[in-house]
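**Q** Here you go, one structure.
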Amino acid sequence: MTEEPELLNVAPGEPHDSLLGETISYVVGLGLALLLTGVSFWVASTSHLWGPGVAVGLVVLAVAQMGVHLVFFLHITSGPDNTNNVLALAFGVMIVLLVMIGTIWIMAHLAAGMAPGPELTNLQMQHG
Amino acid sequence: MTSSEAAAVGLTHGGSEDTGLGNRGPQSKSIVVPYGFWLFVLSDMVLFSALFASYAALVHATDGGPVTGQLFDRTKVAVETVSLLLSSFVCGLAIIAAKRKNLFWTEFWLVVTGLLGLVFLVIELREFAGMIAIGAGPQRSAFLSAFFTLVGCHGAHVTAGLLWIGTMAAQIWTKGFQPHIGRRLLCLSVFWHALDIIWVAIFTIVYLIGTLP
């Protein structure tokens, strides 16, 4: 069996090896994150975009920024030395998506099925 | 059990031929400790996903009280976002300096990281105090309970992170760049970057989408 020294693992958050390369990685990450943040705030403020699409666009921008943070700050890459970190991340993302999508889906259906109308569901308001 | 049997079930390290379980033995502590901490951080994100889910389910349950668009100030949120992002960036610079065992720049960037985190926390606490002062506290409606739980949990994490930053600055000062101190510092940076990732979700879902016209 041949040795594969390039398959050694790296820890999450561990920077690359040269001073310049490490610093550039963080600077590029900061620039991209600032850019995506700026676009997010602009998208939320402008009236030039199609209204119903704005929230979806904001979520896409947020996911992109999380990716930037993972790659440039936490150094989670697709390289062979990062397999364990990526697999743990994939499992975490799966649980997060199951919890969030499942809850929102179920609770929205529950609310739709339970509510004959706002005047009947809020009894305190009715008496007040 | 003979050594070849032990190798066959993967109980030995190195030298074993084709167990399919790797042939280098356990990783060093400098890999295992941050990896374990990475698992903790991911489980923390699962915790936050539950808080996000309850916020999304309750955001319209305002019980006649204030709604999202009346409470949030985008300018403050922008300042908070930039402080926390710069803090995360500077924390990376501290790691770079610590890797080269440069005491001055490690301590300097750690202090800057902490100060930027403090700016974030002060703005957040002032926002909370302002909301409670106008009667929009956590007991006002289910929406506000969910809001204070979600954003407050993130704020509590930032507070813990600030205490940790102070501890690490003191430990590096007194104990120097020993291997275990380096591992703690790396875990701190993973924690701090993760908090910024969670903040991205908060400022998008709670503040930006909450203040859309």
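The values are calculated or read from the model by the stated rules, or taken from the named source; none is laboratory data. Since this is a predicted model, take the numbers as computed values, not measurements. Heads up, the Cβs are rebuilt from the backbone with ideal geometry, glycines too, and the neighbour counts pull from every protein chain shown.
**Q** When you scan the range B:48-78, how many residues do you find that are at pLDDT 90 or above, surrounded by 14 or more Cβ atoms within 10 Å (Cβ to Cβ) and in a helix (DSSP H, G or I)?
**A** Final tally of qualifying residues: 16.
**Q** Now for a different question. If I filter the range B:80-89 down to residues being more than 7 Å from every other protein chain (Cβ to nearest Cβ) and of a type outside the set (Asp, Glu), which single residue comes out as farthest from B:Cys187 (Cα to Cα)?
**A** As a first pass, look at the range B:80-89 and keep what is more than 7 Å from every other protein chain (Cβ to nearest Cβ): B:80, B:82-84, B:86-87.
Then keep just the ones that are of a type outside the set (Asp, Glu); that gives B:82-84, B:86-87.
Numbers: B:Val82: 23, B:Ser83: 21, B:Leu84: 18, B:Leu86: 18, B:Ser87: 16 Å.
The selected residue is B:Val82.
**Q** Only residues that are within 8 Å of chain A (Cβ to nearest Cβ) and either more than 18 Å from B:Cys153 (Cβ to Cβ) or not hydrophobic (A, V, I, L, M, F, W, C) (or both): list them for the range B:48-72, please.
**A** Once the filter is applied, which keeps residues that are within 8 Å of chain A (Cβ to nearest Cβ) and either more than 18 Å from B:Cys153 (Cβ to Cβ) or not hydrophobic (A, V, I, L, M, F, W, C) (or both), the range B:48-72 yields B:Ser49, B:Ser54, B:Asp63, B:Gly64.
**Q** Look at the range A:39-75 and say how many of its residues are of a type in the set (Gly, Ala, Ser) and either more than 9 Å from chain B (Cβ to nearest Cβ) or part of a loop (DSSP other than H, G, I, E, B) (or both).
**A** Pass one, the range A:39-75, residues of a type in the set (Gly, Ala, Ser): A:40, A:44-45, A:47, A:51, A:53, A:55, A:57, A:62, A:64, A:67.
Now drop any that are not either more than 9 Å from chain B (Cβ to nearest Cβ) or part of a loop (DSSP other than H, G, I, E, B) (or both), which leaves A:47, A:53, A:57, A:64, A:67.
Matching residues across the range A:39-75 total 5.
**Q** Report yes if some residue within the range B:90-104 is surrounded by fewer than 19 Cβ atoms within 10 Å (Cβ to Cβ), more than 7 Å from chain A (Cβ to nearest Cβ) and among the β-branched types (Val, Ile, Thr); otherwise report no.
**A** The answer is no, given that none of the residues of the range B:90-104 is surrounded by fewer than 19 Cβ atoms within 10 Å (Cβ to Cβ), more than 7 Å from chain A (Cβ to nearest Cβ) and among the β-branched types (Val, Ile, Thr).
**Q** Scan the range A:77-96 for residues that are in a loop (DSSP other than H, G, I, E, B) and among the polar types (S, T, N, Q) and jot them down.
**A** Within the range A:77-96, the first condition is being in a loop (DSSP other than H, G, I, E, B), and the residues that meet it are A:77-79.
Answer for the range A:77-96, where residues must be in a loop (DSSP other than H, G, I, E, B) and among the polar types (S, T, N, Q): A:Thr77, A:Ser78.
**Q** Which of the residues spanning the range B:65-101 are free of Cβ contacts under 8 Å to residues at least 12 places away in the same chain and not charged (D, E, K, R)?
**A** B:Gln70, B:Thr75, B:Ala78, B:Val82, B:Phe89, B:Ile96
**Q** Here's something else I'd like to know. Which condition from (1) facing chain B (nearest Cβ under 8 Å); (2) without any contact (Cβ under 8 Å) to a residue 24 or more places away in the chain; (3) surrounded by fewer than 19 Cβ atoms within 10 Å (Cβ to Cβ) is the one that A:Asn84 breaks?
**A** Here A:Asn84 meets the rest and fails (2).
Residues are listed down the side, and each one gets a yes or a no for (1) under 22 Å from B:Val82 (Cβ atoms); (2) within 14 Å of chain A (Cβ to nearest Cβ); (3) modelled with pLDDT under 95:
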site: B:Leu116; (1), (2), (3): yes, yes, no
site: B:Gly135; (1), (2), (3): no, no, yes
site: B:Val151; (1), (2), (3): yes, no, no
site: B:Met168; (1), (2), (3): no, yes, no
site: B:Pro213; (1), (2), (3): no, yes, yes
